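So the structure is just underneath, and the comments pick up after that.
The values are calculated or read from the model by the stated rules, or taken from the named source; none is laboratory data. This one's a predicted model, so the numbers in the text were calculated from it and none came from an experiment. A quick note on method: Cβ atoms are made from the backbone with ideal geometry, for glycine too, and the neighbour counts reach across all protein chains shown. Ligands, DNA and RNA are excluded from the accessible area calculation, which covers all protein heavy atoms including side chains. Shrake-Rupley method; radii C 1.70, N 1.55, O 1.52, S 1.80 Å.
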Amino acid sequence: MDTTVAPIFELEDICFSYPEVQVLEDLQFSMNAGEKLGLMGSTGTGKTTLLHIMIGLLIPTSGTVAAFGKTMNSEKDFVSVRKQAGFLFQHSDQQLFSPTVLEDVAFGPLNSGMSSQEAKEISWQTLRSLKLEDLADRVTHRLSGGQKKLVALATVLSMSPKVLLLDEPTTGLDPVTKNHVMEILHHLDISYLIVSHHLDFLQQTSKKIIMLEHGRLISNQ
């Protein structure tokens, strides 16, 4: 019996172009359970595009995407992927839309079928684990940029994802908040892929750093 565990993500021969600009070309990528990866590359090389392809927000021009052992053939396939892969957008305002922090963190659990009480309990548990409980009743759009980033991360973690995809999680953060994000990541026992321009941050949070250059990944052993 084959006991091989399939990669969390496996991308083969991925190509993607925006009008008049080819971003990804014959890209190969795999990510296994337990891996903590960092991804770097110059602005415009396609790092965010790659993350979006992994969860079906963009469809590659050619190539195949497999997630959790299943090849993705349609939007329906990606629905289950998004329930297991937590995605942190670079801009927190894309992720936060409820009146208060607690409501924002509870939105995902409620939407997944939890009762109001269950969603509230998991939300409080998540906020406490991230040392954000003091923000629970705050109006979300009045938070600082750093606070929004932390709350956005809480909304992702409240869904108990199997893997995290983090797009520039420290952009615009002050040193204190950046260290808070780093502390959170150090305590997570799940796989993640972090896109960042900050080598020092990736060196302290990732076990392996890969580079995206000329549409392909380098040092992805």
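The rows are residues; the columns are (1) assigned to a strand (DSSP E or B); (2) open to solvent by 80 Å² or more (accessible area, probe 1.4 Å).
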{"residue": "Gln22", "(1), (2)": "yes, yes"}
{"residue": "Phe29", "(1), (2)": "yes, no"}
{"residue": "Leu39", "(1), (2)": "yes, no"}
{"residue": "Thr43", "(1), (2)": "no, yes"}
{"residue": "Pro60", "(1), (2)": "no, no"}
{"residue": "Gly63", "(1), (2)": "yes, no"}
{"residue": "Phe78", "(1), (2)": "no, no"}
{"residue": "Ser98", "(1), (2)": "no, no"}
{"residue": "Glu103", "(1), (2)": "no, yes"}
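Does Glu183 count as free of Cβ contacts under 8 Å to residues at least 12 places away in the same chain and closer than 29 Å to Met31 by Cβ? So Glu183 fits the description; yes. Residue-level analysis places Leu51 among those that are in contact with an Asp or Glu (Cβ under 6 Å, 6 or more places away or on another chain) and open to solvent by less than 10 Å² (accessible area, probe 1.4 Å). Of the listed requirements (1) over 19 Å from Thr171 (Cβ atoms); (2) without any contact (Cβ under 8 Å) to a residue 40 or more places away in the chain, Ala66 misses just one: (2).
For segment 172-220, which positions are assigned to a loop (DSSP other than H, G, I, E, B) and either under 21 Å from Ile53 (Cα atoms) or open to solvent by less than 10 Å² (accessible area, probe 1.4 Å) (or both)? Residues satisfying the conditions are Ile190, Ser196, His197, His214, Gly215, Ser219, Asn220.
Of all residues in segment 140-171, exactly one satisfies the criterion of being β-branched (Val, Ile, Thr), assigned to a loop (DSSP other than H, G, I, E, B) and open to solvent by less than 10 Å² (accessible area, probe 1.4 Å), namely Thr170.
If you go through segment 81-96 and pick out every residue that is assigned to a helix (DSSP H, G or I) and either of a type in the set (Val, Ile, Thr) or open to solvent by less than 30 Å² (accessible area, probe 1.4 Å) (or both), you end up with 2. Would segment 66-73 turn up any residue that is aromatic (Phe, Trp, Tyr), under 19 Å from Leu166 (Cβ atoms) and surrounded by fewer than 19 Cβ atoms within 10 Å (Cβ to Cβ)? Checked segment 66-73: at least one residue is aromatic (Phe, Trp, Tyr), under 19 Å from Leu166 (Cβ atoms) and surrounded by fewer than 19 Cβ atoms within 10 Å (Cβ to Cβ).
Go through segment 188-220 and give me each residue that's in contact (Cβ under 8 Å) with a residue 24 or more places away in the chain and within 20 Å of Thr126 (Cβ to Cβ). Leu188, Ile190, Ser191, Tyr192, Ile194, Thr205 - these are the residues of segment 188-220 that are in contact (Cβ under 8 Å) with a residue 24 or more places away in the chain and within 20 Å of Thr126 (Cβ to Cβ).
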